[in-house]
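Read through the structure below, which is laid out as C-alpha cells, and then see the notes.
Every number here is computed from the coordinates shown, using simple stated rules; none is lab data. A quick note: this is a predicted structure, and the numbers were derived from the prediction, not measured. Here the Cβ is made from the backbone with ideal geometry for all residues, glycine too, and neighbour counts use every protein chain on show.
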Amino acid sequence: MSVIRIVSYNIHKGRSAGGGRESLADLRLGLYGLRPDLLFLQEVQGRNEQRISLHAQHESLAAALDMSAAYGCNAMRTRTDHGNALLSRHPILLHENLDISDHRLEQRGLLHAVVDVDGTPVHCLVVHLGLFGGGRERQVAALVKRIQTWVPADEPILIAGDFNDWGNRLAPLFVEQLQLYEVFAIAPQSGIAVPGGMRGPLKRIRTSLRGSRLSPLAREVHELGHEGASRLSLPPRTFPAAFPWLRLDRIYQRGFAVRQARVLHGSPWRQLSDHAPLMAELELP
C-alpha cells in the first residue's frame, strides 16, 4: 500500500493574483510546507528572458522541493514561454507533451507522464483547457483518445489541472467513458477511505437543481460514493483565489482510494496566484 499526496495548482506564471509582484519565492515555501509527492502545475514559465527570477520555474521549484520535473511548453512568445509541469518525488519513467490547441490564439497542451510509485506505473496527465466550451469538448475528446490508446485499463490514472469548466459540463465524459472520478465527489465524509477505481454501472438519479446553470447531462451525473452509494457533489470553488466563485480546477483519478481532498483557501494562497490550489491524499492498494 502506498499513500501519496498530490497538489494541483495554476501558479499564474509566478506572479500574485493581480499580476504585479513576483510570488515564486513565497510559492516555494508554501509548497514545501505541503510536502507533496506529485505536483500538477499550470501556467509555468519555462523561459523568461526578461526576468531571470521567473525563468525555469519548474526547475526552481523542483530543486527547492527535492523533486524531479517534466515540463511541457505550450505558449511561446518572443522572450517567454509557459506551459504545464509535473513534479514528482517518485521516478518519472517517461513523459510526452501533446499539442491540443483548438485555434492559434489559444495554445494548449497535455502533458502525459508515467511515474513509478513503489513499482506501480501511474499515468499522470496535467491539463489546462481552453476558454471556449466547444474547444474544451474537443480537447477532452483528444484526452480520452490518448488514454484509451496508451493507458492499459488496469493501470492507475491521475488527471489534474485547470479545466476552465465552470458549468461542470465535462464530468459525464470522464465518468462514463473512462471511469474516472473527481476526488471531492468520493472523498470520505466521516473518515472512511473511499474506493476510487470502481467498475460496474453508475448509479444515476435525476435531480432537479433549481436555478442551476449546469448542463442537463451534468445535472444527472452522480459520482459513486462509499460502497457504490450515489451522491451529487460539485467540485470546489477555486477562482478567483481571494473570493472563490468559479469551479475551474479538478483532480480526477482511477485506481486509488481517496483518503481526503480539500481546497486551500486563505493565507498565503490567496496572495500567490489567482487560483486556489487543490490537495488530495490518495491510497494506492
Taking amide hydrogens as modeled 1.01 Å from N in the peptide plane, which residues meet the under 5 Å criterion relative to residue 3, leaving out close sequence neighbours? 284
With x for Gly and Pro, the residue-by-residue ³J(HN,Hα) of the range 89-101, computed from phi through the Karplus equation 6.51 cos²θ - 1.76 cosθ + 1.60 at θ = phi - 60° and given in whole Hz, is 7, 9, x, 8, 6, 6, 7, 8, 10, 10, 7, 10, 4
Relative counts (whole %) of C-alpha pair distances in the range 1-65, using bins that are 5 Å wide: 4, 16, 30, 26, 13, 6, 3, 1, 1, 0
Scan around residue 246 for amide H atoms under 5 Å from its own, H built in the peptide plane at 1.01 Å from N, and keep only partners 5 or more places away or cross-chain. 238, 239
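Using per-residue counts of other Cβ atoms within 10 Å, averaged over each peptide, order 61-74, 23-36 from highest down. Mind dumping the intermediate values first?
Numbers: 61-74: 19.5, 23-36: 16.8.
Highest to lowest by the protection proxy: 61-74, 23-36.
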Determine the shape class of the range 119-186: with a ≥ b ≥ c the square roots of the Cα gyration tensor eigenvalues, call it rounded for a/c under 1.5, and otherwise prolate if a/b is greater than b/c, oblate otherwise. prolate
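Would you mind classifying the range 230-282 by shape? Square roots of the alpha carbon gyration tensor eigenvalues, ordered a ≥ b ≥ c; an a/c under 1.5 is rounded, otherwise it is prolate if a/b is larger than b/c and oblate if not.
On the way: a/c = 2.64, a/b = 1.73, b/c = 1.53.
It comes out prolate by the Cα gyration axes.
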